[in-house]
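Beneath this line is the structure, given in structure tokens, with notes to follow.
The values are calculated or read from the model by the stated rules, or taken from the named source; none is laboratory data. It should be emphasised that the depicted structure is a prediction, and the values quoted were computed from it without experimental measurement. Please note: Cβ atoms are built from the backbone with ideal geometry, for glycine as well, and neighbour counts cover all protein chains shown. Quick note on the areas: whole protein, heavy atoms, side chains included, nothing else; ligands and nucleic acids left out. Shrake-Rupley method; radii C 1.70, N 1.55, O 1.52, S 1.80 Å.
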Amino acid sequence: MLPNLVVDTTVLPPADRFDFWYALVAQETAPVHITSARLDDFVAYVQTIDLGRIRLASLRYPSLHATRPAGLVRRAEADIYQLTLPLTGLSTLVQDRTETTLVAASHFTLLDTGRPHIARHRADGPDLATTITVQIPYAALPLPPDRLRRLLATPMSSRVGVAGLLAHHLRSIAAHPEQYEPNQAEMLGGMALDLLAATLAQHLDIEGVLSPEARHTALRARVVDFIDRHLGSAELNPRSVAAAHHISLRTLHRLFEGEETTPAEFIRAKRLERCRRDLTNPLQAHQPVHLIAARWGFPDKAHFSRVFRARYGHSPQAYRAAHPPPER
């Protein structure tokens, strides 16, 4: 599991919960003044995950108002950007005379904790608001600070393009840190930084300043996302993938050089995994094997059976028989 810390205020007496949360926020992000209508029983949760150069936090809390005035900025110097991705509730953020209200699970924004800002978070009814934040040192973002100021507290879509891949990457880590090994933390943090830098550079129209590594990571993420979304298409192959991204086949192959696989092998492995998943899905227990195979790009039954057996050690029929749906 990735290095992480989980805090649940409900283990404390109600009178102590808010003060504890207040101190925790100052320690994990930056000192702010917080007010809430739930001070007498402040139920909140946070999980922080160390990803090397950056720190990810998944938070749930009641409606609150947080202010970081100039006085706090001067007393506690910070050189940290904060990415804020609300998943539920309503979040309004103000910095440098820019105010924006983010649509939950659809937008994120960037704040500079070295400058005053205001954050208002409203939960949905009796539920808690849920937010993912990422703390990023100034030096970790290879983009001009004066350019980045134009994006502070502005809404950026978290559903499409590289930004969508970034949001999916962060949500996957926050939801299941146990699926990764501790030694993968630096790699996961580096991927997040590259995707964030590519997203911000795209908004600023300065992609040319990105490092080759960041451009490589962003392009490969776009390619993998494209493959995932078109696995059922008979037209999906390395040539169509390269054409869709306006790159040569040689460039496409370079994206997979470090993984001891080729684009064609990667596509086949993805398709076989979808077939394997459907063969063990109780909702598709009566679906003929050849239809499942055809759905994921294997129209030739004999070829499908051969490559499935080579990968999983059993024929598709035998694999399905060995993994029957649970009895009701």
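Numbers below:
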{"item": "Angle in degrees between helix 14-28 and the longest Cα principal axis of the chain, rounded to the nearest 10", "result": "70 degrees"}
{"item": "Normalised per residue, the volume of the convex hull around the Cα set of the chain (Å³)", "result": "168 Å³"}
{"item": "Length-normalised contact order of the chain in % [C-alpha pairs under 8 Å, at least 6 apart]", "result": "13 percent"}
{"item": "Acute angle (nearest 10 degrees) that the helix 301-312 long axis makes with the longest principal axis of the chain, alpha-carbon atoms", "result": "50 degrees"}
{"item": "Top of Leu85, Leu252, Leu111 by mean-square fluctuation, Gaussian network on the chain, Cα under 10 Å", "result": "Leu252"}
{"item": "Residue-normalised accessible area of the stretch 92-245, expressed per residue, 1.4 Å probe, Å²", "result": "46 Å²"}
{"item": "Helix 185-204 vs. the chain, principal-axis angle (Cα, 0 to 90°, nearest 10)", "result": "80 degrees"}
{"item": "Helix-only mean residue ellipticity at 222 nm for the chain, each DSSP H run of n ≥ 4 adding -39500 (n - 2.57), per residue, nearest 500", "result": "-12500 deg cm²/dmol"}
{"item": "Counted charge near Leu249, where neighbours are those whose Cβ lies closer than 14 Å (Asp, Glu -1; Lys, Arg +1)", "result": "+2"}
{"item": "Among 161-170, 190-199, 16-25, the order from most to least packed when residues are scored by Cβ within 10 Å on average", "result": "190-199, 161-170, 16-25"}
{"item": "Carbon + sulfur, % of accessible area of the stretch 1-129 - ligands and nucleic acids excluded, 1.4 Å", "result": "54 percent"}
{"item": "Percent breakdown of C-alpha pair distances by 5 Å bin, ordered from the shortest bin, for the stretch 1-61", "result": "4, 17, 29, 24, 15, 7, 4, 0"}
{"item": "Angstrom value of the Kirkwood radius, inverse mean 1/r, which spans all Cα pairs in the stretch 229-321", "result": "14.1 Å"}
{"item": "DSSP-assigned coil residues among GluC sites (Glu not before Pro) in the stretch 219-328, each with at most 16 further Cβ atoms within 10 Å", "result": "Glu235, Glu260, Glu327"}
{"item": "Portion, in percent, of the accessible area of the stretch 177-292 that falls on carbon or sulfur, probe 1.4 Å", "result": "50 percent"}
{"item": "Solution diffusion estimate, µm²/s, Stokes-Einstein, the stretch 1-145, Kirkwood Rh from C-alpha pairs, 10 °C, viscosity 1.306 mPa s", "result": "102 µm²/s"}
{"item": "Local electrostatic count at Ser233 - Lys and Arg +1, Asp and Glu -1, tallied over other residues with Cβ under 15 Å", "result": "+4"}
{"item": "For the stretch 245-265 versus the stretch 28-65, the gap between their alpha-carbon centres in whole angstrom", "result": "41 Å"}
{"item": "Sites Glu260 and Ala26, calculated FRET efficiency, Cβ-Cβ separation with R0 51 Å, nearest 0.05", "result": "0.65"}
